[in-house]
Amino acid sequence: MAELFGDEWARSFREEIDASEGYARAAAGWEGAMVLAMVTDEAVEALAAARGVYLDLWHGVCRAARTASREDLDGASFVVTAAAAVWKEVLEGRLEPLFGVMSGKLKLARGSFPRLLPYVTAAKELLAAARRVPTEFPEGWPAG
């Protein structure tokens, strides 16, 4: 098992993305960087305290996946944030990502929903790939 959004997890996530034919088809027109970030429940809006994974997505391929740096958070086209308990719900399949965004559990901290909308299927495929990565939550982060 790899720690969520850590380097080993990011490598495994990239492998799962690149092995996904569904993602390759759904994301054929998608390009740009995305960060999925876990924030503490007390500071959901505080990206400075975020722990995340950076994805360089290019036409159905993940060119890079790594633990997100501050520069990645500042430069990504899309940044999606949530508390650890919410990410756990998403990764366990108990929360659909689109419903999570619509309900405010998942926050689109950067990027616009209308710009992401054409790639909802690709985003779902990304999260399906994330569900296939054996995951443990970092010590000290709430697991829900």
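A short reminder: the numbers here are calculations on the coordinates, not readings from a lab. Note that the structure is predicted; figures quoted are calculated from it, not measured. We place every Cβ from the backbone using ideal geometry, glycine too, and count neighbours over all the protein chains shown.
Annotations
- Of all DSSP beta bridges in the range 2-130, antiparallel share, percent nearest 5: 75 percent
- Each of Leu98, Thr81, Ala19 was scored by the projection of its Cα onto the charge dipole of the range 2-130, and the greatest displacement toward the positive side belongs to Leu98; charges sit on the C-beta of Lys, Arg, Asp and Glu.
- Computed helical MRE - 222 nm, the chain, DSSP H runs ≥ 4 contributing -39500 (n - 2.57), nearest 500: -10500 deg cm²/dmol
- Anchor Lys107: aspartates and glutamates whose Cα lies under 20 Å away (excluding residues fewer than 8 positions away in-chain): Asp41, Glu42, Glu45, Asp56, Glu71, Asp72, Asp74, Glu89, Glu92, Glu96, Glu125
- Relative contact order (%) - the range 79-121, alpha-carbon pairs under 8 angstrom, separation at least six: 48 percent
- Listed candidates (1) 15.5, 49; (2) 14.9, 43; (3) 13.5, 39 - label of the one calculated as Rg and Dmax of the Cα atoms in Å: (3)
- Distance between the 7 Å Cα→Cβ label points at Ala28 and Lys124: 1.8 nm.
- Nearest-20 debye value, the chain charge dipole, Cβ charges on Lys, Arg, Asp, Glu: 380 debye
- Placing a pseudo-label 7 Å from each Cα along the Cα-to-Cβ vector at Arg63 and Ser77 gives an inter-label distance of 1.1 nm.
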